[in-house]
Structure formats: C-alpha cells, structure tokens
Amino acid sequence: MEFSFLDELPKIVWMLIGIAAFLGVIGLLLLLVDVPRTRRDRWQAVLFLSPALLLLAGGLVYPVLRTTYLSFHDRSGDEFVGLANYIWMFQRPEILQVLWNTLLWVAFAPLLATAIGLVYAVLVDRSRFEPVAKSLVFMPMAISFVGASIIWRFVYAYRPADQEQYGLFNQIVVWFGGEPRLWLLEQPLNTFLLILVLIWVQAGFAMVVLSAAIKAIPAEIVEAARIDGAGPFQLFRSITLPSVWPTLLVVLITITVQTLKVFDIVRTMTGGNYGTSVIANEMYSQAFSQGQTGQGSALAVFLFVLVIPLVALQIRRTRKARELS
C-alpha cells in the first residue's frame with residue numbers, strides 16, 4: 001500500500017493540533033511552578049529531571065498524543081472523522097447519563113468525605129481513645145477499591161424474602177418488618193450507594209491529613225479564645241476552620257481528582273450496568289469491550305481535560321505556599 005501525503009494530510013494536521021494543544025497545556029503548567037533562574041540551576045534541573053522526563057514521555061506524553069489522535073478517528077483508527085466522536089458524547093442519552101453520574105460523584109463524594117474527615121478529626125482530637133478511633137476510620141485506606149467494593153457488595157447483597165438474608169442492609173430492613181430490596185438495581189439510588197463506598201475509603205485520608213493540620217494550630221491561640229469565653233462551635237468556626245482551610249482545599253482537590261478517575265468501584269459492583277456507569281468505566285467499555293476505539297479515546301481525552309484544571313490549581317496553591325514559607 002503506497003503512502004499518499006495528500007490523503008494523510010488531514011490526519012497529520014489534527015495530530016499537530018493535538019501536539020500543540022498538549023504542549024500549550026504543559027507550558028501553562030510550567031508557568032505555575034518555579035523556573036530555575038541561573039544557568040547552573042537549569043543544568044542541575046535537566047540532570048535530575050531527565051530520567052523522570054523520559055519515563056513521562058513514554059508513559060504519559062505518547063499515550064496522551066496517541067489517544068488524542070485516535071479520538072478523531074473511527075473505531076478502526078484509519079478513517080478520520082473529525083469531531084464526530086465528541087459530538088456523539090453529547091447526543092447519546094446513555095452517554096449523557098454517564099456524564100450526569102460523573103457529575104453526581106464529583107458533587108457529593110469529595111465534599112462528604114472531606115466533611116466527615118474534618119468533623120471526625122475535630123471530635124477525636126486529644127481525646128483519650130484518639131489513636132484507636134483514628135485507626136478504625138483510616139483502616140479502609142489500606143484496602144484497595146476492588147476489595148472495598150467486594151465488601152460492600154456483601155453489604156448490599158439480596159436474597160428472596162423466604163430465605164435468610166446475609167446482606168447487612170436487607171437484614172436490617174427485614175428486622176424492621178420490610179421486604180428485601182435489590183439495592184444495586186434501583187436507579188438513581190444505586191449510584192449514591194456506590195458513592196458511599198468511595199466516601200468510606202477516602203474519609204480516613206481526609207481525617208488523617210486534617211488532624212495533622214489541627215494539631216499544628218498553636219495552643220496559645222486556642223487557650224486565648226477559651227479564656228475569652230469562646231465555646232466549641234465558636235472555636236471551630238473562628239480558629240480551627242480558618243487555620244486548616246489551605247489543607248482542607250488540598251484534601252478536597254485530591255479527592256476530587258480521585259473521584260473523576262473512579263473505575264474500580266463501578267466495574268466491580270455493577271459493571272456500569274443499571275445506569276451506574278461513569279466516564280472512566282464507559283471509556284473502558286467503549287474502547288475494549290465494544291471495540292469503539294475512537295469513542296473510547298474521546299471519553300479519555302474529555303476526562304483528561306476535566307482533570308487538568310484541578311492539577312493546575314493544586315500546583316498554583318503549592319507554589320503560593322512555598323513562597324509564603
């Protein structure tokens with residue numbers, strides 16, 4: 001088969017556009033971090049960063065460019081289709097449901113996990129059983145998402161009413177005189193039940209990080225507020241929350257990025273069925289299960305674009321914190 005430059009020109013143009021867009025994003029991120037000022041610092045930076053940059057080029061840059069290239073082609077990767085795969089994302093009802101589910105995950109999981117971690121860290125701070133209490137909440141962090149999903153599948157397990165229930169939720173329902181339910185089949189309740197698994201895992205992470213921030217608050221400030229007659233709620237609102245606010249934002253952004261990439265929980269518990277699929281799971285299903293490489297790549301690029309602003313915000317906050325210190 002002969003190579004025709006004119007026939008391949010549209011592919012080459014779109015590939016160059018993808019490379020330019022990627023380099024533009026990388027350049028924007030570099031503007032947010034400190035740039036070495038002297039020639040010696042630049043050479044030292046190049047020397048120490050070269051191995052990592054080579055690994056990034058092979059493990060991140062090339063896959064991103066290849067995925068971007070495939071997102072503009074059909075399922076075989078041969079025929080150029082332009083923006084058709086991206087338009088498809090917003091025209092198919094099932095994909096709109098996927099995007100809506102992802103929005104629900106991002107809206108609820110980070111906020112609830114962070115809030116639970118903060119409240120728990122405040123309640124157990126300097127208490128008698130603080131080490132044990134923290135260990136119990138942090139323990140799920142030692143479990144993989146797949147392991148946590150299997151545990152919670154048993155919690156939601158269903159058996160007919162004439163059989164003994166081994167699922168915790170259905171057993172409680174039966175104790176109160178109700179009928180067992182297929183929890184993971186009921187929409188949209190099943191999506192929130194999956195979100196609960198992520199909250200259960202990530203609340204321990206939020207608790208540990210925020211607890212360290214709380215302990216860093218100078219004791220003199222707390223004592224002065226108590227002498228002035230401040231109660232527990234006033235201490236939390238006026239002293240604790242403002243002091244841990246930068247750490248709180250870091251935790252929130254970190255959990256949000258993790259939520260956007262969630263795959264294991266959905267894949268293990270429902271396989272993305274019953275209206276529970278999210279972007280990462282749908283990307284896998286389209287690209288590998290259904291053979292729709294172009295559509296799966298478009299979902300991957302869309303997810304990548306959603307994560308970039310959060311990463312940029314995190315880098316900017318890190319830079320500001322470094323300048324203040």
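What part of the accessible area of region 78-139, given as a whole %, is carbon or sulfur when the probe is 1.4 angstrom? After summing per-atom areas, the C and S share lands at 73 percent.
Computed over protein heavy atoms with a 1.4 Å probe, the accessible surface of region 44-149 works out to 60 Å² per residue.
Full extension of the chain between residue 48 and residue 226 gives 59.1 nm of extra length, using 0.36 nm per residue less the Cα-Cα distance. Inter-label distance, residue 141 to residue 318: 1.8 nm, where each label sits 7 Å from its Cα along the C-beta direction.
Can you figure out the FRET efficiency of residue 91 with residue 288, using R₀ = 22 Å and their beta-carbon distance, to the nearest 0.05? Given R0 = 22 Å and the Cβ-Cβ separation, E is 0.45. What the Cα convex hull of region 66-128 gives, in volume per residue, is 134 Å³. Give me log10 I(q)/I(0) at q = 0.10, 0.11, 0.18, 0.23 Å⁻¹ for region 147-244, Debye formula, one equal scatterer per alpha-carbon, no solvent. Result of the Debye calculation: -0.52, -0.58, -0.82, -1.13. Per-atom-type breakdown for region 242-325 gives carbon and sulfur 60% of the accessible area (1.4 Å probe, protein chains only).
Taking 0.36 nm per residue of separation and subtracting the Cα-Cα distance, full extension of the segment from residue 310 to residue 172 would add 45.7 nm.
Counting only protein heavy atoms and a 1.4 Å probe, region 225-270 has 51 square angstrom of accessible area per residue. Neighbours of residue 254, meaning other residues whose beta-carbon lies under 13 angstrom from its beta-carbon, give a summed charge of +2 when Lys and Arg score +1 and Asp and Glu score -1.
The values are calculated or read from the model by the stated rules, or taken from the named source; none is laboratory data. Here the structure is a predicted model, which means the values were calculated and not measured. Virtual Cβ from ideal backbone geometry, glycine too; neighbours counted across all protein chains shown. Surface areas here come from the heavy atoms of the whole protein model, side chains and all, with no ligands, DNA or RNA. Shrake-Rupley method; radii C 1.70, N 1.55, O 1.52, S 1.80 Å.
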